[in-house]
Amino acid sequence: MAVTITSLILFLIGLALGGGGIRLAMLGGSWYYVVAGLAFLIAAWLLYRRRSTALWLYAAIVLGTLAWAVWETGFDWWELGPRGGVIVLLALWLLTPWARRGLVGPDARAPLILAVLASLAVAGYSMTSDPKDIAGELGTDKVVANANLGNDVPAGEWHYYGRTQFGQRYSPLDQITSDNVAKLQPAWTYQTGDVKGPDDVGETTYQVTPLKIGDTLYICTPHNFAIAIDAASGKEKWRFDPKVKLDKDRQHQTCRGVAYYADAAGQPCATRVYLPTSDARLIALDAANGQICPAFAEGGTLNLLTNMPYPKSGYYYSTSAPLISGGKIIVGGAVNDNYSTQEPSGVIRAYDAATGALVWNWDSGNPGQTTPLPAGQTYTANSPNMWSTPSADEKLGLLYVPLGNQTPDQLGAGRSANVEKFSSSITALDLNTGQVRWVRQTVHHDLWDMDVPAQPSLIDITKPDGTVVPALVGPTKQGDLYVLDRRTGEPVIAVNEVPAPGGAIEGDHTSPTQPVSDLTFMPKPLTGADMWGLTMFDQLACRIEFQGLRYEGRYTPPSVQGSLIYPGNFGTFNWGGVAVDPVRQVLFGMPTYLAFKSQLIPRDQVPPPDEGRGSEQGLNRNEGAPYAVVMGPFLSPLGIPCQAPPWGYVAGADLRTGKIAYKHRNGTVYDMTPLPLPLKVGVPGIGGPMITAGGVAFLGAAVDDYLRAYDLTSGKQLWQARLPAGGQSTPMTYTVADGRQFVVIVAGGHGSVGTKPGDYVMAYALPK
């Protein structure tokens, strides 16, 4: 009976491999599955007939698969395993007495044993190396003794989203080092009480980076509570509830940070916290007690829908921290991606931080008109926006703005000259007037939602000849890191135009070339051999789907057929950006690699209005445009990425040379699988890193729930702490009155990536 059942299993495997293999081969893919399927069918027949030659043939299947797998992937365990796992397990079963009972002919165990041993030897060897790892080190020399950190922020404090206006996410504190970081332990935990409710939108996320001024931390929550916490004990000092109502049209329910401003000592509201809300308000609060500052704007509140076209509830709001610079508070906003062509403006506005009076407005759809817009007029509808946070250099008088693109993201017909110029760019504005000083576009005629997602990091780079260049580091979704002279926008590290795929839909076009920085983490183009699965069956399904999609490498245009977009619009880098060390002049980041699918749906085929809204997954309706789009990660039938891991790394690069020093797999599948398996595959993440002068980088972000510390020099992990929820935020650090250094991260999860929700603020420190 066992032999009959085994032969039936081989027969079914043969049918699956053979049938799928024929389809794959007809699409231009590998012929291995056709050959393997035929071999399985013959082996099944021989076994059913009780012929020992079935084992000889199965040994050939094992060895043939082994040779093919190594030829396709090299000695990468994570890619070899799915190709041979089921086959080797069946070989082991065939070596048991039950599976061989009643076979006639010469004993065929020896060749099958040799085939299994060869497979195990290759597997063992592949586990000792990682061909996708870059093992190197960053220089440890202090290039400059007194680096420019951006502002006069005390060493033990964190006054801005990126610590200073430079957005470096670097702290000069050095109490915690690579030698003692493993001794970090929990210091205190605070829970906000703001948790996701049943009526929330899908993407409720907790991404805030706290500010630390004096003895107090200031945070916001997904539903826009502002809270002050004692920095030493984690005790709540005050909280403010802006009474934000839920709105089903709102795409995101999140807050990444508040802004802090010191006005006149001894006056009411002398120090303020500015809270952006998801119903498009900006509220000024007294930092001492959380009370509204009535002298600001209209009773303490700015209405960000003023002069806004299409001021629909839920369509426009500020998710990221405003920036205080030069006595002004600069505010951008997020618009609902791909809902409709009738979207609010992407205008960026600078208000007097003390009074709330509008100083200037810069609208990328009408860039020359920066004087405050009169009442009754509106900004340009649906112009590229800044949904992230800017950075600033007050000495140069420049503001650096990361810009998005016009909705719909995947359709470029009819865009204005201004949209074509400013979309997906880093733009420098005069801090005092809002006038454009320079523009550096990172994608031409963007059809892929490759908006610039992260705050640029400013750093003064000392070149090998000793000259100092005031520079800007701009991370992008497509993996390029733009290192520019922040005075002019000209590259410090070369940027080249390279040919790009053509063939947009009728009425649209593509750019014949696209810019690529010499410092880039863009991935190699995918091939059929890069398709992955837990078994050879879901891997085969991924290969078939891959061959059926349009794919010509990076910047393959969206299509009605369905296109593969890689990197996907999740981004190699997203809003968390990178951290830069201005002393050693190096950077640390978390490149992530996930392919997306993008399929255009003609308007007459779009489902009724109650199905699908704009988001990074599913049906994006694009009302008013000729096509909707269905988009989302390229996943296998089992819901895991179709491309082989790693999907996430930690990486370090030298900003003086533009060379990548290391890339290491980051994170485990512990929270991605039914069983908590701590397998270091290298998982996706969203969030940002932080660097300290102690030579340690801190990062949560990955889709397993950990905060980790890394040696900045080598990228090796030094410590980790289990978080009670997803850590999709950027950590920060500070000291308290007794000199003790704390590291703090918010753990609240991320709705889109599916991590565990929560409401935790976690602090860690060395033992007293």
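If the condition is being part of a loop (DSSP other than H, G, I, E, B), touching a strand residue (DSSP E or B) at 6+ places or on another chain (Cβ under 8 Å) and within 24 Å of Ala579 (Cα to Cα), then region 422-457 contributes Ser424, Leu431, Thr442, Val443, Asp451, Val452, Pro453, Ala454, Gln455, Pro456. Considering region 266-308, the qualifying strands (runs of 3 or more DSSP E), each wholly inside and each with 1 or more residues that are out of contact with any Pro (no Cβ under 7 Å at 6 or more places or on another chain) and under 16 Å from Trp238 (Cβ atoms), run over 271-276, 281-286.
Within region 361-381, being in contact with a Phe, Trp or Tyr (Cβ under 9 Å, 6 or more places away or on another chain) and crowded, with 24+ Cβ neighbours inside 10 Å holds for Asp363, Ser364.
Can you tell me which residue in region 53-96 is farthest from Tyr32 (Cα to Cα), limited to those that are open to solvent by less than 20 Å² (accessible area, probe 1.4 Å) and either among the aromatic types (Phe, Trp, Tyr) or free of Cβ contacts under 8 Å to residues at least 24 places away in the same chain (or both)? Ranking the qualifying residues of region 53-96, first place goes to Tyr58. If you go through region 179-237 and pick out every residue that is open to solvent by 10 Å² or more (accessible area, probe 1.4 Å), among the aliphatic types (A, V, I, L, M), modelled with pLDDT of 95 or more and part of a loop (DSSP other than H, G, I, E, B), you end up with 2.
Every residue, every condition in (1) of a type in the set (Ser, Thr, Tyr); (2) in contact (Cβ under 8 Å) with a residue 24 or more places away in the chain; (3) within 26 Å of Gln741 (Cβ to Cβ); (4) open to solvent by 60 Å² or more (accessible area, probe 1.4 Å), yes or no:
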site	(1), (2), (3), (4)
Gly618	no, no, no, no
His664	no, yes, yes, no
Gly682	no, yes, no, no
Leu699	no, yes, yes, no
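Ala651: surrounded by fewer than 24 Cβ atoms within 10 Å (Cβ to Cβ), under 27 Å from Thr476 (Cα atoms) and either touching a residue at least 40 places away in the same chain (Cβ under 8 Å) or among the acidic types (Asp, Glu) (or both), yes or no? Spelling it out, Ala651 is indeed surrounded by fewer than 24 Cβ atoms within 10 Å (Cβ to Cβ), under 27 Å from Thr476 (Cα atoms) and either touching a residue at least 40 places away in the same chain (Cβ under 8 Å) or among the acidic types (Asp, Glu) (or both). Per this entry, Arg100 is not counted among residues that are surrounded by fewer than 17 Cβ atoms within 10 Å (Cβ to Cβ), out of contact with any strand residue (DSSP E or B) (no Cβ under 6 Å at 6 or more places or on another chain) and among the basic types (Lys, Arg). Residue pairs whose Cβ atoms lie under 8 Å apart, separated by 6 or more positions or on different chains, with the first residue in region 229-244 and closer than 19 Å to Leu275 by Cα and in contact (Cβ under 8 Å) with a residue 60 or more places away in the chain and the second in a strand (DSSP E or B) and open to solvent by 60 Å² or more (accessible area, probe 1.4 Å), are Ile229/Glu236; Ile229/Lys237. Within region 734-768, being over 22 Å from Val703 (Cα atoms) and either buried (at least 24 other Cβ atoms within 10 Å of the Cβ) or of a type in the set (Gly, Ala, Ser) (or both) holds for Tyr734, Ala737, Gly739, Phe742, Ala765.
The values are calculated or read from the model by the stated rules, or taken from the named source; none is laboratory data. In this text, all values refer to a predicted model and were calculated from it rather than measured experimentally. Counting neighbours? That spans all protein chains shown, and the Cβs are built from the backbone with ideal geometry, glycine included. Please note that ligands, DNA and RNA were not included when accessible areas were found on the heavy atoms of the full protein model with its side chains. Shrake-Rupley method; radii C 1.70, N 1.55, O 1.52, S 1.80 Å.
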